[in-house]
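What follows is a single structure, written as structure tokens, with notes after it.
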Amino acid sequence: MPTCSTTKSCCSAEKRVQPATSIEAATIQATSAETTSRYKWSVGGMDCASCASNIEKALATIAGVKQVRVAFATERLLVDLDQKASPETIEKTVKQLGFTLKSTHQKAVEAPLWKAHSTFILLAVLMTLAGIFMLFDSTWGSSGFLLATALGVVPFARKSLNQIRNGTWFGIETLMTVAALGALILGETIEAGLVLLLFSLGELLEGFAGRKAKAGIKSLMQLTPDTAWKLQDGERIEVPADFLVPGEQIEVLPGDRLPVDAILDSTLGCFNESALTGEAIPVNRETGEKIMAGAMAVDQPARLTVVSQPGENAIDRIVTLIEEAEERRAPVARMVDTFSAWYTPLVMGLAALVMIIPPLLAGAAWTPWAYKALTLLLIACPCALVVSIPAAVTSALASAARFGALVKGGAALEQLRNIKVLAFDKTGTLTEGKPRVTCVVGISEQEDEVLSLAGSVEMGSSHPLAAAIMNETKSRNLRCSEATDIRVLTGRGVQGTVSGRNIKVVAPRYIDDRDLGVNKSTIESMESAGNTVVVVQDEETILGLIGLADTLRDDAIEAIKKLNSIGVDSIMLTGDNRRTAAAIADQLGIDYQAELLPEDKVKAVQDIQSQHNGAVAMVGDGINDAPALKTAELGIAMGRGSDVALETADAALTHERLIELPRMIQLSKNTAKITRQNIALALAVNTLFLMTTLFGMTGLMAAVLSDAGGTVLVTLNALRLMRK
């Protein structure tokens with residue numbers, strides 16, 4: 001690994017990450033030990049994916065930059081530099097674009113809402129005051145709108161100049177600046193202010209959505225603790241988790257999460273691994289088994305040996321998978337940015353020709369043609385076109401919300417209509433996510449007595465299986481006696497004394513086959529049906545068996561059938577065992593893949609994509625689903641799923657009704673049709689008045705009317721989606 005100790009940014013090649021100064025201290029990898037080093041920063045101030053794209057474009061033009069990548073979701077900037085460039089150049093360029101850079105080890109401080117969107121707040125206040133003044137005195141009102149526009153255009157103009165300096169000549173900020181200044185020259189102060197106010201409102205909403213998305217990823221990163229208990233010379237020492245290296249031994253207390261990937265040294269251990277597998281039922285682990293970072297120790301302290309390098313544990317890999325998925329999909333620039341890349345220079349060039357050619361070639365007066373050119377610019381400001389898509393999208397999103405579907409923006413809504421395969425997580429998605437008692441087999445006692453005795457020793461336990469047993473006893477109105485001498489059998493079950501009887505509730509694999517006898521075949525049959533089985537004993541006598549399982553959602557089978565009817569195939573991807581997965585998949589009549597870790601789900605989604613040329617959506621609810629949700633063309637989360645799944649996904653079923661999935665796809669198709677109509681309508685209105693202005697048939701009033709009238713038309717057309 002190369003070192004950068006000669007740079008002013010304090011770069012270091014040490015494996016143990018040390019705190020940095022203003023520029024990131026750690027060189028995380030390099031393509032050449034002689035010439036290229038990679039640097040990492042945290043970027044602040046990005047409101048949307050187009051911000052990340054603008055940073056990438058600007059940095060790519062700097063001499064010495066070999067590669068640059070900005071991950072919007074995790075706010076990380078990675079740059080490969082050779083000896084010709086310095087980290088200080090990167091920091092200076094990014095700051096010129098209006099963003100901030102911090103070391104990834106510095107705690108990020110969120111800017112207050114009023115400061116982050118001060119332009120919108122200033123414009124809104126000044127425009128409101130100007131409107132009030134206009135009611136009493138038109139002169140004061142006009143002056144107020146003039147002041148609002150003059151102050152509001154400054155940030156846009158400054159950002160436009162910075163973008164031009166870094167190679168982006170015709171961004172959306174350029175269009176807004178020219179349109180506002182053109183309207184001011186024509187004396188249309190209200191129009192000028194509204195152009196800036198509406199655009200600032202859009203920036204505010206995008207910023208809100210961006211912060212929500214990034215908050216979900218940050219909550220994922222917080223799954224691993226900052227410190228760990230390291231065992232050294234027989235003592236426990238609290239150390240930063242980033243300083244742990246492979247081979248060191250640590251101890252994790254009950255209720256704490258693992259900060260690293262590690263091998264279990266203790267004889268037995270029980271861990272809640274739902275953060276990675278999505279399965280709520282804790283898993284028993286034995287000596288030598290590998291436990292992933294983020295897993296929680298359940299019932300007793302566990303000693304483990306570290307196996308992951310700093311920054312390379314399971315949670316870090318999930319974050320990296322999300323970043324790589326974003327990179328493969330590429331940040332999609334807003335439609336207006338793409339459109340303005342050719343539309344803005346074309347219209348500005350046409351306006352310049354209108355202003356210059358008649359006076360120069362025909363001896364016409366300058367003032368009328370300058371006025372006509374500015375009028376053309378005002379007409380050309382594509383307000384109706386810009387509104388045409390958001391109007392349709394907003395109507396569709398409102399319609400979707402009525403039946404319990406939250407779709408995050410127009411890109412996700414449009415992608416829905418192309419989906420050909422839906423990949424489902426199992427627990428919490430196709431199933432309820434809560435284990436229930438599905439069957440009770442009485443052997444030496446009646447069923448109710450077996451449940452009552454099990455409930456007595458499980459009373460007060462927070463274990464999901466214990467809770468399921470207690471719920472079943474309540475539903476049957478069974479009386480549970482108070483147990484004494486309750487003792488947890490680590491990794492096996494629990495025991496206690498009930499009315500003088502020594503009752504045990506244990507997993508069948510910890511009972512000798514000779515003791516199970518003929519009951520072994522019954523247990524295997526129950527497990528093949530997708531149940532987790534516990535055995536209730538009195539000393540060595542088997543009293544009965546209790547089967548627990550996660551049950552299908554009520555509408556799962558109907559949803560799969562409706563998806564099939566509209567040409568959408570389904571497959572289940574789960575971290576659960578194969579027998580349970582097979583039982584669930586058989587009820588639904590779909591294919592499945594089981595025992596998958598987060599990276600396995602990503603690979604499975606990629607394999608499905610290669611078979612179907614993309615057009616794959618992933619439906620899930622857990623943190624372990626986040627990378628797959630991001631990798632798929634579309635991610636759909638369940639409404640009560642993890643924060644990371646909800647924020648990573650492109651859509652969510654807030655009412656958790658799977659039957660709404662086919663309806664979402666149909667809504668997407670209707671929205672696409674309305675959007676095409678709106679674009680055609682907006683372009684037709686703009687083109688008509690552009691031509692009439694060039695031939696002197698219309699003037700400034702027509703420009704204002706065309707802008708307002710076109711906007712009204714496309715909005716009314718979009719409202720038809722609300723009816724549907």
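Data overview
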read-out	value
Identity of the residue in the stretch 475-506, among the small types (G, A, S) and assigned to a strand (DSSP E or B), that ends up farthest from V535 (Cα to Cα)	G496
Single match in A325, A333 (criterion: crowded, with 16+ Cβ neighbours inside 10 Å, at pLDDT below 85, of a type outside the set (D, E) and within 16 Å of P598 (Cβ to Cβ))	A325
Flag if R509 is part of a helix (DSSP H, G or I) and over 30 Å from A628 (Cβ atoms)	yes
Matching residues, the stretch 270-302, being modelled with pLDDT of 85 or more and of a type in the set (G, A, S)	G288, A293, G294, A295, A297, A302
Selection within the stretch 595-619 - touching a residue at least 40 places away in the same chain (Cβ under 8 Å), touching a Lys or Arg at 6+ places or on another chain (Cβ under 7 Å) and part of a loop (DSSP other than H, G, I, E, B)	A615
Answer residue from the stretch 340-374, given it is surrounded by 16 or more Cβ atoms within 10 Å (Cβ to Cβ) and of a type in the set (S, T, N, Q) and is modelled with the highest pLDDT among those	T344
Lone qualifier among L198, L175, L194 - being at pLDDT 70 or above, more than 30 Å from S274 (Cα to Cα) and assigned to a helix (DSSP H, G or I)	L194
Enumeration of residues in the stretch 557-583 that are assigned to a loop (DSSP other than H, G, I, E, B), among the aliphatic types (A, V, I, L, M) and either crowded, with 18+ Cβ neighbours inside 10 Å or at positive phi (or both)	V568
Identity of the residue in the stretch 33-78, part of a loop (DSSP other than H, G, I, E, B) and modelled with pLDDT of 80 or more, that ends up surrounded by the most Cβ atoms within 10 Å (Cβ to Cβ)	I62
Out of N519, N564, sole residue that is more than 23 Å from P464 (Cα to Cα) and in the same structural domain as C480 (by TED's automatic domain parsing)	N519
Where E472 falls short, out of the listed (1) more than 21 Å from L516 (Cα to Cα); (2) among the acidic types (D, E); (3) assigned to a loop (DSSP other than H, G, I, E, B)	(3)
Residue ID - modelled with the lowest pLDDT, chosen from residues in the stretch 631-657 that are closer than 20 Å to E558 by Cβ and touching a Ser or Thr at 6+ places or on another chain (Cβ under 8 Å)	G639
Residue among D554, D515, D550 that alone is modelled with pLDDT under 90 and in a loop (DSSP other than H, G, I, E, B)	D554
Count - residues of the stretch 451-478 that are farther than 17 Å from G544 by Cβ and touching a helix residue (DSSP H, G or I) at 6+ places or on another chain (Cβ under 7 Å)	1
Residue that is modelled with pLDDT under 70, crowded, with 19+ Cβ neighbours inside 10 Å, under 30 Å from K57 (Cα atoms) and touching a helix residue (DSSP H, G or I) at 6+ places or on another chain (Cβ under 9 Å), where the choices are F170, F156, F120	F170
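For every residue, the table says whether it meets (1) modelled with pLDDT of 90 or more; (2) aliphatic (A, V, I, L, M); (3) outside the structural domain of D576 (by TED's automatic domain parsing).
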residue: R436; (1), (2), (3): no, no, yes
residue: V441; (1), (2), (3): yes, yes, yes
residue: E445; (1), (2), (3): yes, no, yes
residue: A467; (1), (2), (3): no, yes, yes
residue: S475; (1), (2), (3): yes, no, yes
residue: E482; (1), (2), (3): no, no, yes
residue: G491; (1), (2), (3): no, no, yes
residue: E527; (1), (2), (3): no, no, yes
residue: I546; (1), (2), (3): yes, yes, yes
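The values are calculated or read from the model by the stated rules, or taken from the named source; none is laboratory data. Just so you know, these numbers come straight off a predicted model, no measurement behind them. In this analysis, Cβ positions are derived from the backbone assuming ideal geometry, glycine residues included, and neighbour counts consider all displayed protein chains.
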